[in-house]
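Inspection log for the structure reproduced underneath, given as C-alpha cells.
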Amino acid sequence: MGQCYKACYKAEEGGFWKGFTPWDFGVGAKLMEHSYIGNRFLSDILHRIYLYPMSVVWAGEYADDNIYEDCVKAEFGVNGDYDENKFIYLINETKKVFIDLSKIKKNKYGERIHPLPLLTAIGNGLGGGDYYGTCMEAIGTWAKDTIQVNYTKPNSQYSEVEYDFEESDIY
C-alpha cells in the first residue's frame, strides 16, 4: 500500500511541527510523486525555509516517529511561486554542508529529483511510492536538521556535497 507524506517544519527547539500535505497543492502524496524540482508543494516549503531556516522532516505516515500525526496544518499565506533558478543552494546548517542544486541532472524522464524530500524523509521504504535507487544510505540523514535555501553560496565553513539520486526500475 502507498505511504503518504507531509512536509513538516518547526522554527525553534521545543516548538511544534507544522506543515502541509501534497494534496493541499494538487500533487500526489507518495514521496516520489512530489520530489521533483519545480512543483508547487515543494516550492512552498522551500520558500518558507528561505525566509526562516528551520528543522525539516518529510514525515511518512508509516514511520515509527509520530511527526506525521503531530504535524499541524500550517496557515497559507506564503507565496508559493518558486523560481527554481533563484534558490540554487540547499544548506544544512546543522551539518555545515550544502548542495548546489544547479548541478542536479535530469533523469531518464526529463525530471530533476530534488534532494530535500529524500534527505529529510522519515519512513522511506515502508510503503509504495517511496524512493528506491542510488544513494539509499543518504535517505533521511538530514531529518530534523536545520535547513535553508539561498541564492548565495555559503562561506568556507560549509562543505559541498553531491548526491546522484536515480530511481531504480526494480525494487
| said: Looking at the range 113-131, can you tell me whether even one residue there is of a type in the set (V, I, T), in contact with a Ser or Thr (Cβ under 7 Å, 6 or more places away or on another chain) and open to solvent by less than 30 Å² (accessible area, probe 1.4 Å)? | reply: yes
| query | Just one of the numbered conditions (1) of a type outside the set (K, R); (2) open to solvent by 80 Å² or more (accessible area, probe 1.4 Å); (3) free of Cβ contacts under 8 Å to residues at least 60 places away in the same chain is not true of Q157; which one? | reply | (3)
| said: Tell me yes or no: at least one residue of the range 34-48 is among the basic types (K, R), in contact with a Lys or Arg (Cβ under 8 Å, 6 or more places away or on another chain) and open to solvent by less than 40 Å² (accessible area, probe 1.4 Å). | reply: no
| Where a residue in the range 97-108 is of a type in the set (D, E) and its partner, wherever it lies, is not in a strand (DSSP E or B), with Cβ under 7 Å and at least six apart | D100/I88
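The values are calculated or read from the model by the stated rules, or taken from the named source; none is laboratory data. The structure displayed is predicted, hence computed values, not measured ones. Cβ: placed from backbone, ideal geometry, glycine included. Neighbour counts: every protein chain shown. When the accessible area is computed, the model is the full protein with side chains, heavy atoms only, and any ligands, DNA or RNA have been set aside. Shrake-Rupley method; radii C 1.70, N 1.55, O 1.52, S 1.80 Å.
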